[in-house]
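**Q** Quick one: structure below, then a few questions.
Nothing in this text is a laboratory measurement; each read-out follows from the coordinates by a stated rule. Just so we're clear, the structure is a prediction, and the values are computed from it rather than from any experiment. No Cβ is skipped: glycine too gets one built from the backbone with ideal geometry, and neighbour counts run over all protein chains shown.
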Amino acid sequence: MFLHPHTTKLIIFARKIAYIMKSIRKYPVSLFLIAAIWTVCLIPIPETPLNDVPMMDKWTHFVMFGVLSLCIISEYVYRHRKPKGWDVALVGMLLPFAMGGMIELAQAYCTGGNRSGDVMDWLADGIGVLIGAAIGSLLVYYRARARKDI
């Protein structure tokens with residue numbers, strides 16, 4: 001049976017939407033954090049008394065990406081009975097680190113001079129990801145131990 005090309009495209013589109021909706025149901029907090037981080041990192045930041053705190057921007061990046069990494073790993077472990085180490089590393093570390101790099105590029109080239117991309121911000125993102133992933137790994141270990149998987 002042959003389908004009209006537009007019908008085939010609609011079916012493919014519907015499958016993609018279904019996959020996105022499934023992901024939203026599986027990882028709602030992580031996806032909310034991703035959207036919030038992108039928003040906060042791309043809007044102009046007003047002057048506040050916290051601007052006087054040394055390296056406040058770096059601390060903010062560190063905390064945001066540490067929490068994101070921990071949240072992604074936590075939701076991943078919660079959704080999978082026996083999470084694989086490489087999957088946890090990819091999803092919980094590599095993706096947030098890559099997102100940090102993309103945010104810095106977007107700040108440098110897409111904000112019209114309101115924000116600036118900084119390699120040190122990306123480094124702070126990476127350190128936050130590592131700390132969040134370390135805490136998340138402990139979570140994986142203790143969850144497996146509680147389930148007697150190890």
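**Q** Which of Leu95, Leu138 has the fewest other C-beta atoms within 10 Å, and how do the rest follow up to the most?
**A** Leu138, Leu95
**Q** In addition: With the dipole of region 1-95 worked out from charges on the C-beta (+1 for Lys and Arg, -1 for Asp and Glu) around the Cα centre, which of Thr8, Ile37, Pro49 lies farthest toward the positive end?
**A** Toward the positive end, the furthest listed residue is Thr8.
**Q** In the calculated pair distance distribution of the chain, what percentage of Cα-Cα distances lie above 28 Å?
**A** Counting every Cα pair in the chain, those more than 28 Å apart make up 35 percent.
**Q** Can you tell me the equivalent ellipsoid semi-axes for region 106-150? Use √(5λ) from the Cα gyration tensor, largest first, whole Å.
**A** Working: eigenvalues 291, 18, 6 Å².
Each semi-axis is the square root of five times an eigenvalue, giving 38, 10, 5 Å.
**Q** So, one more: I need the Debye-formula profile for region 40-93: one equal scatterer per C-alpha, no solvent, reported as log10 I(q)/I(0) at q = 0.16, 0.18 1/Å, two decimals.
**A** Debye curve over Cα of region 40-93, log10 I(q)/I(0) at q = 0.16, 0.18 Å⁻¹: -0.62, -0.69.
**Q** If you don't mind, another one. Quick one: order Asp57, Asp87 by neighbouring beta-carbon count within 10 Å, fewest to most. Display every interim value, and only then the final one.
**A** On the way: Asp57 15, Asp87 11.
In increasing order of surrounding Cβ atoms, one gets Asp87, Asp57.
**Q** Can you list the HN-Hα couplings for region 15-20, worked out from phi with the Karplus curve (6.51, -1.76, 1.60; θ = phi - 60°), rounded to whole Hz and with x for Gly and Pro?
**A** 5, 5, 5, 4, 5, 5
**Q** Under the classification rounded if a/c is under 1.5, otherwise prolate if a/b is larger than b/c and oblate if not, where does region 1-82 fall, given a ≥ b ≥ c as square roots of the Cα gyration tensor eigenvalues? Please list the in-between numbers first.
**A** On the way: a/c = 5.34, a/b = 2.01, b/c = 2.66.
Since a/c reaches 1.5 but b/c is at least a/b, the shape of region 1-82 is classed as oblate.
**Q** Taking loop as defined by DSSP and a crowding limit of 15 other beta carbons within 10 Å, which trypsin sites (Lys or Arg not before Pro) in region 1-101 fit?
**A** Arg81, Lys84
**Q** For region 33-113, which GluC sites (Glu not before Pro) are both in a DSSP coil and crowded by at most 14 other Cβ atoms within 10 Å? Display every interim value, and only then the final one.
**A** On the way: sites: Glu47, Glu75, Glu104; in loops: Glu47.
Passing sites in region 33-113 are Glu47.
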